[in-house]
Amino acid sequence: MLNKDKMDIQKLSGIKGEISISPIPSPEILEKYEKIQSGTLDRILKMAEKEQEKRHSTGDEILSQNKQLIKDSNGLQILSVGAALLISLTTIVAGAILTYYGKNIEGIVAMLTPLIGLTGIFLTGKYLQSKNKK
């Protein structure tokens, strides 16, 4: 006599699954689709080609935007360097004028402040560049 648990085990059937990473199903599945409805294979291939074109155009668009951002960034860097130079030269000239009129301490401080600031910015930039290369 069979036990009820053994009968339940015998009644179970297997489950089969398939996972595909590709946008196109396996050849066996494509064949089944084609048997069900003629022309399905062509439609699936056109859909995959269209998706691939979309991915390429999106990638090209992102690349173009990144190039434009780099170009804009370079222009902004040049403007920033020019502004820093103008401010520094103005401060140094003001310090020289103060020194000429007898304000020695104020003049020296006015001349050294932008030089120390620019040196600090330069050294920080070099440090960050060397850190990013690693």
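Bear in mind these aren't lab numbers, they're just calculated from the coordinates by the rules spelled out. Given the structure is predicted, the values throughout are model-derived calculations rather than measurements. Backbone-built Cβ (ideal geometry, glycine too); neighbour counts: all protein chains shown.
Table for the structure above
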quantity: Reported label for calculated P(r) over Cα pairs in 5 Å bins from 0, in percent given [x] 2, 7, 7, 8, 8, 6, 6, 6, 6, 5, 5, 5, 5, 5, 4, 4, 3, 3, 2, 1, 1, 1, 0, 0; [y] 2, 11, 22, 25, 21, 11, 5, 2, 1, 0; [z] 2, 8, 13, 15, 17, 15, 14, 10, 5, 1, 0; calculated: [x]
quantity: Helix-derived mean residue ellipticity, 222 nm - over the chain, DSSP H n ≥ 4, -39500 (n - 2.57), to 500; calculated: -29000 deg cm²/dmol
quantity: Environment charge of MET47, counting only residues whose C-beta is closer than 12 Å and scoring Lys/Arg +1, Asp/Glu -1; calculated: 0
quantity: Angle between the chain longest axis and helix 27-36 axis [Cα atoms, degrees, rounded to 10]; calculated: 60 degrees
quantity: Cα-centre dipole for the chain with unit charges at Cβ (Lys and Arg positive, Asp and Glu negative), debye to 20; calculated: 380 debye
quantity: Positive dipole terminus of the chain, leading residue within GLN68, LEU118, SER26 (C-beta point charges); calculated: LEU118
quantity: Degrees separating the helix 104-133 axis from the principal Cα axis of the chain, which is the longest one; calculated: 20 degrees
